[in-house]
Number of protein chains: 4
Amino acid sequence: MIIVMRKDAQASEVEEVVARVKELGYTPHLSVGEERTIIGVIGDERPLAVEPLELMPGVERLVPILQPFKLASRDFKRENTVVTVGGVEIGGQRVAVIAGPCAVESREQLFETAWAIKEAGASILRAGAFKPRTSPYSFQGLGVKGLELLAEVREEVGLPVVTEVISPGDVELVSRYVDVLQIGARNMQNFSLLQEAGRSRHPVLLKRGMMSTVQELLMSAEYILSNSNYRVVLCERGIRTFEPSTRNTLDITAVPVIKGLSHLPVIVDPSHATGKWDLVGSVSRAAVAAGADGLIIEVHPHPERALSDGAQSLKPAVFAQLMRELKAVAEAVGRSL
Amino acid sequence: MIIVMRKDAQASEVEEVVARVKELGYTPHLSVGEERTIIGVIGDERPLAVEPLELMPGVERLVPILQPFKLASRDFKRENTVVTVGGVEIGGQRVAVIAGPCAVESREQLFETAWAIKEAGASILRAGAFKPRTSPYSFQGLGVKGLELLAEVREEVGLPVVTEVISPGDVELVSRYVDVLQIGARNMQNFSLLQEAGRSRHPVLLKRGMMSTVQELLMSAEYILSNSNYRVVLCERGIRTFEPSTRNTLDITAVPVIKGLSHLPVIVDPSHATGKWDLVGSVSRAAVAAGADGLIIEVHPHPERALSDGAQSLKPAVFAQLMRELKAVAEAVGRSL
Amino acid sequence: MIIVMRKDAQASEVEEVVARVKELGYTPHLSVGEERTIIGVIGDERPLAVEPLELMPGVERLVPILQPFKLASRDFKRENTVVTVGGVEIGGQRVAVIAGPCAVESREQLFETAWAIKEAGASILRAGAFKPRTSPYSFQGLGVKGLELLAEVREEVGLPVVTEVISPGDVELVSRYVDVLQIGARNMQNFSLLQEAGRSRHPVLLKRGMMSTVQELLMSAEYILSNSNYRVVLCERGIRTFEPSTRNTLDITAVPVIKGLSHLPVIVDPSHATGKWDLVGSVSRAAVAAGADGLIIEVHPHPERALSDGAQSLKPAVFAQLMRELKAVAEAVGRSL
Amino acid sequence: MIIVMRKDAQASEVEEVVARVKELGYTPHLSVGEERTIIGVIGDERPLAVEPLELMPGVERLVPILQPFKLASRDFKRENTVVTVGGVEIGGQRVAVIAGPCAVESREQLFETAWAIKEAGASILRAGAFKPRTSPYSFQGLGVKGLELLAEVREEVGLPVVTEVISPGDVELVSRYVDVLQIGARNMQNFSLLQEAGRSRHPVLLKRGMMSTVQELLMSAEYILSNSNYRVVLCERGIRTFEPSTRNTLDITAVPVIKGLSHLPVIVDPSHATGKWDLVGSVSRAAVAAGADGLIIEVHPHPERALSDGAQSLKPAVFAQLMRELKAVAEAVGRSL
């Protein structure tokens, strides 16, 4: 950490800051410049974040040097983490495709979708049993009934299943039925939920909040990792900007940025990022070309009758066609699908 | 709701949309224009939000006409709601000031602050027992021990107390110790928590998410109201923008915007909005002048030793001086403090 | 356009709005609903944008139905526009790559780069003679001397040249030396400049402002088109968001969004979008996979000595390697490069 | 400036950076930490911004310590600058109110407004002769005819006049007719225009771009100041965010932030910030309470017939009432109006 002193800081003020830094167990390193004196603080600065040193007389501001996350960083672990889910690798050479409906609506809808995506080459099924909805008047999911259907389809169709958990109290329950716990964008900083997911032994699919920086996403991953659950998959799903033509703005550059900072696998959700099914193909191809380790795509046999997110769901035939296109793009960048 | 058809929509496609609207129990109203045909849908459109009508052939897009919230709207209730907390009114003629430390750190710190803000004229005490922190390595609050101290200070100093609840499972526990449940910005769309708070009989202080629209804030309020808890106070606390010089960007205009759309009281949090104690005064005066029903301000007897948010906390003497200034501004806009 | 009346609008107020709509030469279309009366306005609504109908008593708000641009829209022209620049097509089957240094710094630097990018397969040279810089103390470009060097390199190396024009008074001058006029992001709404570029007979490369919507970009294109210059190439170069890890946030979805709304070609600038050379490759591959008609990439023989944008410039060898990768991606999506 | 080396930087890489810093005429200051080595660079770092030191092997990133502006900073000039315009002070004890129509539409409209705002207590007239409009089909202003009317009204009514200039070529022309040159939000980074305004001897009202940080606003002011025109007034007029309920989001905190960083006066434009006349009062009161040195408010005798910005214009009677309210707020914060 660097402590920048005000232009008019007194010598006594500089001395007091230096003394305080020593008192906290760090080595101060003074640079007296023409316009500013700065004090370098040598040592692991993370515990220092707690100290409001910027309030000491004469201090102008603090400049952190290290990233605040540790276990999620490439500094901590250089090689890529591969998360294995029911035999499917996420983060390896092959691009993993997760697909399925927004919500479990009925046995028929779920099975029809599961068989269709399996045939098209997807390797994991997604479907929500608990739905976090902006409006209290919208469909909130089938709950436990939905989980039971997921366990059934998992068994019969033979695909691992990911589903969202929205309350810390449900982590254990949901873990009994599915393979991967999803933490949705709106819950990325629901720290009680993160901690509970960290205590679980299930892989966690952690979506970036629409209001969150990459650094904050990695800090939320740190909550899970620091509870000794190392199987975390990150997901870029669009951030909120001023542009109204899509539901969110996909931050495609986050893919290489995260892969530079962290060893964890990164997938992309083109359905929520765009909110429109006819943009999903273009954005999915872009994600694979950018280096994403996987995709999570909404597919519904009858989008026009879907109880949620119909507008952004692909029909099975459109999805199957997209899988063929994605295969070509994956190969062009040296991967398979 | 208005359904806008594509320029090249076939007559048969228009007919099918009209038929579907009737099937759903609504009255369609056709306007054939030069460039577009549009179909007005007469009736309460809220249940329609579920229907992905935009997927029907020939449809270009849907334009909602009504606000999606109902109980929170001025259409539903014209006169201002006044929420009474331990004898203190929020939303009435008098501007209510809530003050206190970010977190309960110790009995001494809590009592010292409580007496100081009471003497300065604040009417409600704030302090966190459970702290949602971006980093798992930061101070997470004293938990139940903090709640016990809050109950004690409430009794002795005689101020109602507001504290944050971060997990649905804690709502009942927290309700036993304090007067107002706070739902923080990061949990504004934690729907499990909103529902649990709705089932409680305690007033709820609901903070706007840092990347949530005013409409979404009112939808989250609707979750609480629709569970029959009508005592909701809204709080503007800054939104996330590209401007780096402050922690968040206070949306001062949200105050009159919300008061136009809703009957619920609105307060402002200048401490989190700015993140810097020396900006709190200016922004607090602005909030009162803009018509806010109250303020929630962080005060700490020794900000330089605070375990969280020290940089944005006022010392008691600075707070007391600010209270005098705010009194003058309140009177200039026809209110008291 | 739809005029939404307030819930409590009087019958006389509705009548007055209807009368005013007729007076303006439009046909009103009344729909009386349970909660709101709405008035559809039939006809080309663009001239109506001028009328502040929302100020008439009883009016709640106006909802535009048509896009405000005309000549730039697919409604106006269905087939893709191909802009030809010195024999190079932008918007056709082949993906066009524009490359070169941020600024013309010297004859040696310019020629070295031009030969290198030509050999690597780029088809147009970019380099700035007039540099719009945030700081008055930064290098502002070589001006006319730079233009002369551009004309020279164009002749000798045999590549068409694009350069930025920053003042309406310079449009004619710049046109004498180069093939394409670039209007930079900061000037996207410099309407004097747009009009002057519209009066020129040169193709225009129009960059999206960093805080402009797609609709505003198309409105700025409309300024050029409506002055009878139909050779406009649009460029997505990143928008400003809250994410600090990159210079801007590339809006990759803007590529298919623009191609849906407009017939004009769209290229992507990965250098300015990211600000970091090691992110350029990933983002370039994504742009081609998403369907961009071209790329504009900064290349400098010695980035560490560049007078501007060194951090985001590729060395020639890195660029040549990227061209090979892009070729594979272009072919995977059915195009060539 | 601080140069942060990578964790795995070689000793030889550190040495090369140190050598380069010396070569550039600066004194390097080495701090070897556990996780990172950092190199402090002593001296005026502004010329260093040009050097892409981050490209040297082993360098992780650069951290600037000083603000990039100089003449605009409080470091350069401690006491407030007061800009005098035709006898009216901006930046002094009295809050200055600039008012008038968006555009000059006719002699009658202009004179009627000018007399009305003068009577209500405004001290400067605003009105546009050249209008930068998003659409080429919107009213673009009366041009020179408008300037002539402004000169006339200035003479007869006796109010100084501010009007916008949108092209460098018009600076001299406009200066002949009015007292203050306004540079609009869309032109805040039109550097040709800034330089031309800097060469003029007229005061400049510089509006913050809707996509610009406070630091960039001050850099744009630096363009004017460094051309020896020291009479610059800054204007906060709302920034672009994701919130759709207002045209822009007024950054009220920018007022104290700018006053902390700079000696220049700061005024607020509540009309463009909100886009809605019924929000102007609340936001104006907030601006004065926050410490703004003035306001610029749109007033039109017949907003419902205005050729531009009717929706955000106050009627004269509403403006007169607001002036009385603002007087009370100004006095509450120790100023007059």
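The values are calculated or read from the model by the stated rules, or taken from the named source; none is laboratory data. What you see is a predicted model, and the numbers here were worked out from it, not measured in a lab. Reconstructed Cβ throughout: ideal geometry from the backbone, glycine too, with neighbour counts over all protein chains shown. Each accessible area value is taken on the protein alone, full model and side chains, heavy atoms only, with ligands, DNA and RNA left out. Shrake-Rupley method; radii C 1.70, N 1.55, O 1.52, S 1.80 Å.
Interface C-A: total buried accessible area of about 2500 Å², 1.4 Å probe, protein heavy atoms only. Less than 5 angstrom separates the built amide H of C:V59 from those of C:R6, all sequence-distant by 5 or more or on a different chain.
Distances between every pair of Cα atoms in segment C:1-137, grouped in 10 Å steps from 0 to the bin holding the largest one, split as 10, 24, 15, 13, 14, 16, 8, 1 percent.
With Cα atoms as the point set, the radius of gyration and Dmax of segment D:170-277 evaluate to 13.7, 41 Å. The convex hull built on the alpha-carbon positions of segment C:189-232 has an orientation-averaged projected area of 2.6 nm². Computed over protein heavy atoms with a 1.4 Å probe, the carbon and sulfur contribution to the accessible area of segment A:28-87 reaches 55%. Here C:G158 yields copy-to-copy label distances, from shortest upward, of 5.9, 7.6, 9.5 nm, the label point defined as 7 Å from Cα along Cα to C-beta. Solvent-accessible area assigned to carbon and sulfur over segment B:130-255 amounts to 45 percent, based on a 1.4 Å probe. The mean number of Cβ atoms from other chains found within 10 Å of a Cβ in peptide B:4-13 is 1, as a whole number. Applied to segment C:330-337, the Karplus parametrisation 6.51 cos²θ - 1.76 cosθ + 1.60 on θ = phi - 60° returns per-residue 3J(HN,Hα) values of 4, 5, 5, 10, x, 10, 10, 8 Hz, with x for Gly and Pro. Hull volume per residue, based on the alpha-carbon atoms of segment D:78-125 and their convex hull, is 84 Å³. Heavy-atom accessible area for D:H302, with the other protein chains in place and a 1.4 Å probe, reaches approximately 60 Å². Enter the Cα centre distance for the pair segment C:1-48 and segment D:169-204, rounded to the nearest angstrom. Centre-to-centre distance over Cα atoms comes out at 42 Å.
Under a 5 Å amide H cut-off, with hydrogens placed 1.01 Å from N, C:I239 pairs with C:T249, C:L250, C:D251 among residues at least 5 apart or on other chains.
The mean accessible area for residues of chain D, using a 1.4 Å probe and ignoring ligands and nucleic acids, is 34 Å² per residue.
Extension gain, B:K145 to B:K77: 0.36 nm times the residue separation minus the Cα-Cα distance gives 20.4 nm. Quick note on segment D:50-89: its Rg to Rh ratio, both from C-alpha atoms and Rh being the Kirkwood radius, is 1.33. Translational diffusion of the protein assembly as shown, estimated by Stokes-Einstein from the Kirkwood radius over alpha carbon pairs at 37 °C in a medium of 0.692 mPa s, is 101 µm² per second. Note on segment C:274-334: percent of Cα-Cα distances in each 5 Å bin, starting at 0 and stopping at the bin with the largest distance, equals 4, 19, 29, 22, 14, 8, 3, 1.
Given a Förster radius of 45 Å and the C-beta distance between B:A19 and A:T84 as r, what FRET efficiency does 1/(1 + (r/R0)^6) yield to the nearest 0.05? E(calc), rounded to 0.05, equals 0.35. Rounded to the nearest 5, the antiparallel percentage of DSSP beta bridges internal to chain B is 40%.
Given in Å, the Rg to one decimal and the Dmax to the nearest whole number for the Cα atoms of segment D:213-337 are 15.2, 43. Taking the chain by itself as reference, segment B:282-329 contains these residues with an accessible-area loss of 40 Å² or more in the full protein complex (1.4 Å probe, heavy atoms): B:S282, B:A286, B:A289, B:E304, B:A311.
Taking the Cα centre of chain C as origin and assigning +1 to Lys and Arg Cβ atoms and -1 to Asp and Glu Cβ atoms, the resulting dipole is close to 580 debye.
Once all protein chains are placed together, A:W115 keeps about 120 Å² accessible to a 1.4 angstrom probe. The mean number of partner chain beta-carbon atoms within 10 angstrom of a residue's beta-carbon across peptide C:250-263 is 6.
Report summary: the helix-based calculation at 222 nm, which adds -39500 (n - 2.57) for every DSSP H run with n ≥ 4 and divides by the residues of chain D, gives -10000 deg cm²/dmol.
Equivalent ellipsoid of segment B:102-153: semi-axes from √(5λ) of the C-alpha gyration tensor, largest first, are 22, 12, 9 Å.
For chain B, what value does the Rg/Rh ratio take when both radii are computed over Cα atoms and Rh is the Kirkwood radius, given to two decimals? Over the Cα atoms of chain B, Rg/Rh equals 1.08. Evaluated on segment A:111-231, the Kirkwood hydrodynamic radius is 14.9 Å, with distances taken between all distinct Cα atoms. Normalised by 2.2 N^0.38 Å, where N is the number of residues, the C-alpha radius of gyration of segment C:208-262 stands at 1.23. In chain D the longest region clear of trypsin sites (Lys or Arg not before Pro) that are loop-assigned by DSSP and have at most 12 other C-beta atoms within 10 Å covers D:202-337. Considering only A:S212, A:S220, A:S138, give the residue with the highest GNM mean-square fluctuation for chain A, with springs between Cα atoms whenever their separation is below 10 Å. Of A:S212, A:S220, A:S138, the most mobile in the Gaussian network model is A:S138. In order along segment A:294-309, phi translates into HN-Hα couplings of x, 9, 10, 10, 7, 10, 9, x, 9, x, 5, 10, 5, 7, 7, 6 Hz, rounded to whole numbers, per the Karplus curve 6.51 cos²θ - 1.76 cosθ + 1.60 with θ = phi - 60° and x for Gly and Pro.
Compute log10 of I(q)/I(0) for segment C:133-196 with the Debye formula, placing one identical point scatterer on every Cα and leaving out solvent, at q = 0.20 Å⁻¹, to two decimals. At q = 0.20 Å⁻¹ the computed log10 ratios are -0.84.
Axis between A and B by rotation; chain A residue with nearest Cβ and distance in whole Å recorded as A:M211, 1. Each residue, A:L173 and C:F111, gets one label point 7 Å from its Cα in the Cβ direction; the gap between the two is 7.6 nm.
For segment A:20-91, the Kirkwood radius over C-alpha pairs fed into Stokes-Einstein at 4 °C and 1.567 mPa s yields D = 84 µm² per second. Using the Karplus relation 6.51 cos²θ - 1.76 cosθ + 1.60 with θ = phi - 60°, the per-residue 3J(HN,Hα) values for segment B:210-221 come to 6, 10, 10, 6, 4, 4, 5, 4, 6, 5, 5, 4 Hz, with x marking Gly and Pro.
Under a 5 Å amide H cut-off, with hydrogens placed 1.01 Å from N, C:V299 pairs with C:G100, C:C102, C:L314 among residues at least 5 apart or on other chains. Angle of helix D:144-157 to the longest C-alpha principal axis of chain D, folded into 0 to 90 degrees and rounded to 10: 70°.
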